[in-house]
1. Would you be able to tell me the number of residues in segment B:117-138 that are touching a residue at least 24 places away in the same chain (Cβ under 8 Å), open to solvent by less than 20 Å² (accessible area, probe 1.4 Å) and out of contact with any Leu (no Cβ under 9 Å at 6 or more places or on another chain)?
2. Among the candidates B:311, B:330, single out the residue that is touching a strand residue (DSSP E or B) at 6+ places or on another chain (Cβ under 7 Å) and over 30 Å from residue B:168 (Cα atoms).
3. Of everything in segment B:209-238 that's at the interface with another protein chain (Cβ under 9 Å from one of its Cβ atoms) and open to solvent by 20 Å² or more (accessible area, probe 1.4 Å), which residue is nearest to residue B:350 (Cα to Cα)?
4. May I ask you to verify whether residue A:236 is under 23 Å from the mean Cα position of the chain (by Cα), small (Gly, Ala, Ser) and in a loop (DSSP other than H, G, I, E, B)?
5. From the list B:437, B:400, B:448, exactly one residue is modelled with pLDDT under 95 and in a helix (DSSP H, G or I). Which is it?
6. Applying the selection to segment A:50-69, what residues are among the aliphatic types (A, V, I, L, M) and not in a loop (DSSP other than H, G, I, E, B)?
7. In segment B:250-335, which helices (runs of 4 or more DSSP H) lie fully inside it and hold 3 or more residues that are open to solvent by 10 Å² or more (accessible area, probe 1.4 Å) and in contact with a Ser or Thr (Cβ under 9 Å, 6 or more places away or on another chain)?
8. Out of contact with any Cys (no Cβ under 8 Å at 6 or more places or on another chain), at pLDDT 95 or above and within 30 Å of residue A:355 (Cα to Cα): does that describe residue B:206?
Amino acid sequence: MALRAGAQSQAARNGLKEKVLTLDTMNPCVQRVEYAVRGPIVLRALELEQELRQGVKKPFTEVIRANIGDAQAMGQRPITFLRQVLALCVYPDLLSSPDFPEDAKRRAQRILQACGGHSLGAYSISSGIQLIREDVAQYIKRRDGGIPADPNNIFLSTGASSAIVTVLKLLVAGEGLSRTGVLIPIPQYPLYSATLAELNAVQVDYYLDEDNVWALDVAELRRALYQARDHCRPRALCVINPGNPTGQVQTRECIEAVIRFAFEEGLFLLADEVYQDNVYAEGSRFHSFKKVLTEMGPPYAEQQELASFHSVSKGYMGECGFRGGYVEVVNMDPEVQRQMLKLMSVRLCPPLPGQALLDMVVNPPAPSDPSFQQFQAEKQDVLVELAAKAKLTEQVFNEVPGIHCNPVQGAMYSFPRVQLPPRAVHRAQELGMAPDMFFCMCLLEETGICVVPGSGFGQREGTYHFRMTILPPMEKLRVLLEKLSRFHTKFTREYS
Amino acid sequence: MTLRALFLGQGIKKPFTEVIRANIGDAQAMGQQPITFLRQVMALCTYPNLLDSPSFPEDAKKRARRILQACGGNSLGSYSASQGVNCIREDVAAYITRRDGGVPADPDNIYLTTGASDGISTILKILVSGGGKSRTGVMIPIPQYPLYSAVISELDAIQVNYYLDEENCWALNVNELRRAVQEAKDHCDPKVLCIINPGNPTGQVQSRKCIEDVIHFAWEEKLFLLADEVYQDNVYSPDCRFHSFKKVLYEMGPEYSNNVELASFHSTSKGYMGECGYRGGYMEVINLHPEIKGQLVKLLSVRLCPPVSGQAAMDIVVNPPVPGEESFEQFHREKESVLGNLATKAKLTEDLFNKVPGIHCNPLQGAMYAFPRIFIPTKTVEAAQAHKMAPDMFYCMKLLEETGICVVPGSGFGQREGTYHFRMTILPPVEKLKTVLQKVKDFHIKFLEKYA
């Protein structure tokens with residue numbers, strides 16, 4: 001088709017070689033978004049993998065992706081029972097197969113009956129299948145020693161991430177000096193900083209105490225809050241417990257202090273608890289914010305606003321790809337809760353397979369069920385191995401002069417601090433790179449090990465870290481830790 | 001409306017025995033069966049032990065193995081790359097190339113998404129910028145699928161309405177586009193033009209000439225084109241054919257095909273598959289600035305990846321059994337049965353509605369909805385407005401209370417001032433649909449008598 005007659009001059013006037021959508025014309029908030037977990041270092045890792053595939057010679061034979069909390073990608077097996085139930089839901093013909101245990105079939109039938117058209121292919125209501133939300137409420141009640149949860153306060157979501165974003169969206173308002181500020185831990189999981197950038201909210205950093213196993217100190221919360229009031233309106237406080245990237249498991253006293261602080265200062269609490277099943281350290285225990293809040297009694301229990309998040313991606317399940325999760329809201333204004341549901345309804349519903357998996361997670365085989373033994377064995381295997389890897393990682397890193405690794409009390413990462421010689425810091429600055437990014441890039445190029453620089457999570461000025469997962473299989477992890485340690489020693493020598 | 005429908009299921013005596021949810025395009029909820037092959041492959045991917053089972057055909061196993069091998073740890077449980085599993089994007093590109101008669105698609109321009117809604121929302125997010133009079137304006141059809149107005153509102157962008165021509169089978173008229181964009185330039189910076197083809201709620205399938213006119217208009221006015229094509233498999237009228245924006249753009253020659261920025265969307269939720277719950281979809285982007293593509297991946301990476309099971313479902317949609325394969329016959333039969341059934345119901349609905357005095361229904365050329373116009377007496381309009389209700393909301397509420405039939409008022413989609421409509425799906429099984437249509441007819445006649 002030729003150009004329409006008379007359109008030529010218009011074309012020239014329009015300067016049509018110039019695009020509608022460029023860096024200059026795009027949403028500036030989106031431009032400010034960064035997400036280090038899949039950022040530049042991972043892009044480089046992908047390139048290196050490509051080069052290896054093309055036969056380019058490297059000082060390593062494989063790239064090890066120790067950058068992301070994806071257990072199954074590193075060889076962890078899915079839990080058999082979960083996949084059996086899901087397969088039965090996906091293809092109900094299998095309900096007549098002798099190869100599936102009765103309890104799995106019963107679960108599948110129960111879920112399917114609650115689905116539109118008895119199929120995972122139908123939309124659910126936007127908050128998720130009613131029955132599953134009831135099961136989540138029961139789980140929370142059991143977990144919290146009998147403290148009830150209301151299914152109407154539970155919203156299933158596409159991973160915990162989507163629920164966190166939804167709650168933050170509701171919170172962000174105002175302009176200029178009264179623009180919403182949100183307190184986030186430093187170091188943090190960069191979903192938070194990315195979302196705040198996207199929403200053009202004000203990020204308010206509070207520092208975790210590295211010298212004290214990354215503990216949360218209310219005095220530091222207070223410092224951050226009071227300073228923030230100068231330039232924004234702080235309205236929310238995010239806590240990640242167990243922590244990511246730091247792995248600390250907060251004490252009950254700490255959680256009480258945080259709740260008291262949030263109440264006194266009028267802050268909405270977001271409790272990211274996706275690692276609640278990943279607690280390894282002897283003296284550590286998971287205390288849910290919901291439980292502590294309730295046990296603190298009035299006025300906290302009836303008035304403090306709280307949103308707690310969980311996911312199927314972590315724990316012993318590692319079902320990242322299914323994007324399953326939920327949020328429980330407590331003491332949320334009913335009108336706001338309606339608005340939240342309205343917001344969720346625009347995306348219709350979370351994926352049904354993820355909802356079904358979540359149901360299995362909160363409603364696993366009971367001791368009297370045929371699948372119980374295998375389920376328990378598989379679950380314990382995963383958790384015991386993670387605990388062993390957590391300990392090993394801490395030990396090996398702490399043997400290296402110039403690396404200091406806090407105990408990995410929970411979650412699935414180590415976040416060691418590394419000493420970098422001044423010449424290396426200088427070189428990094430010459431290259432326009434954060435010093436720990438420079439360190440991690442060199443590590444990647446020389447060993448194929450991909451970890452994420454601490455600058456991607458935030459850290460105290462002048463300190464350097466990296467986050468490495470503890471997910472590779474034990475033997476591989478051992479090799480990794482050794483290689484990394486040797487590299488650090490070499491790097492230090494080279495730049496001294 | 002849906003909340004009210006939910007309340008009605010509570011054991012109280014009513015003039016009906018069930019609530020009929022004709023409000024949402026959810027085929028399987030209304031009894032449509034999933035495609036066997038698709039579910040077989042999905043089951044194999046979910047629980048790979050089944051690869052040893054004699055109850056699954058080889059071609060399904062082959063597809064499953066291919067998908068799993070492309071997944072981290074050979075499992076659907078791993079995150080994929082944020083753009084989606086590589087081999088699935090390649091399959092999508094191959095599908096598009098075949099669909100478009102050889103017009104090539106580049107896998108690098110394909111992004112898998114959590115349903116089409118996610119892709120549409122993401123692209124709009126990147127596009128919206130500026131302040132005051134230079135705030136981004138987004139042109140959307142009236143009537144529209146209200147994802148668009150919702151996202152525009154959420155992003156605080158400017159909604160720019162262009163009216164589809166009801167007198168002309170809901171055709172898109174470029175003069176109307178021109179009118180809308182000129183008026184909009186007064187108070188915003190119109191940058192985006194959204195087209196839904198086949199249309200929702202209107203069901204029209206745009207002619208090729210119309211699509212060319214739209215592309216030329218977008219080129220002239222420097223607009224970024226969004227082509228929502230999720231109903232591309234739902235075309236019923238024998239006089240109509242689906243023409244993809246991508247194909248038409250390419251065939252218009254390099255001045256257009258090298259310059260017009262386009263994003264086209266597809267989904268696993270509609271078509272003959274109806275796999276709404278899996279949240280599978282993709283978008284193909286054309287002529288995006290490479291730096292923008294980088295920004296797009298960065299934005300998507302924050303949410304990690306779309307559900308891998310939805311990606312797998314999409315793979316089977318774009319890579320179905322072919323003649324010669326073991327599963328082909330059953331697959332083909334099931335697919336044709338669904339589509340034939342939908343076509344029958346489309347005609348049935350149009351015909352029945354047009355027999356009712358006071359209802360006029362345009363032909364359902366495609367998609368899965370009827371959007372009939374209802375003539376509401378003036379007194380009723382006034383009564384509704386006294387209740388602070390849109391007149392068609394009033395009508396639909398009464399319909400629900402008296403018959404249990406849940407449809408969505410036209411005011412939810414937008415319509416010309418002073419006109420009233422409702423959107424009803426054609427998804428209930430044929431016999432039930434006939435009953436529903438009869439009930440609507442009876443209700444409407446009674447309504448006119450009562451409120452005239």
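The values are calculated or read from the model by the stated rules, or taken from the named source; none is laboratory data. Values in this document were obtained by computation on a predicted structure and should not be read as measured data. Cβ coordinates were reconstructed from backbone atoms using ideal geometry, including for glycine residues, and neighbour counts include every protein chain displayed. Quick note on the areas: whole protein, heavy atoms, side chains included, nothing else; ligands and nucleic acids left out. Shrake-Rupley method; radii C 1.70, N 1.55, O 1.52, S 1.80 Å.
1. Total meeting the criteria: 1.
2. Going through B:311, B:330 in turn, just one is touching a strand residue (DSSP E or B) at 6+ places or on another chain (Cβ under 7 Å) and over 30 Å from residue B:168 (Cα atoms): B:311.
3. B:212
4. Spelling it out, it is not the case that residue A:236 is under 23 Å from the mean Cα position of the chain (by Cα), small (Gly, Ala, Ser) and in a loop (DSSP other than H, G, I, E, B).
5. B:448
6. If the condition is that a residue be among the aliphatic types (A, V, I, L, M) and not in a loop (DSSP other than H, G, I, E, B), then A:52, A:64 are the ones that fit.
7. The helices (runs of 4 or more DSSP H) meeting that bar are B:290-301.
8. No: the conditions fail for residue B:206.
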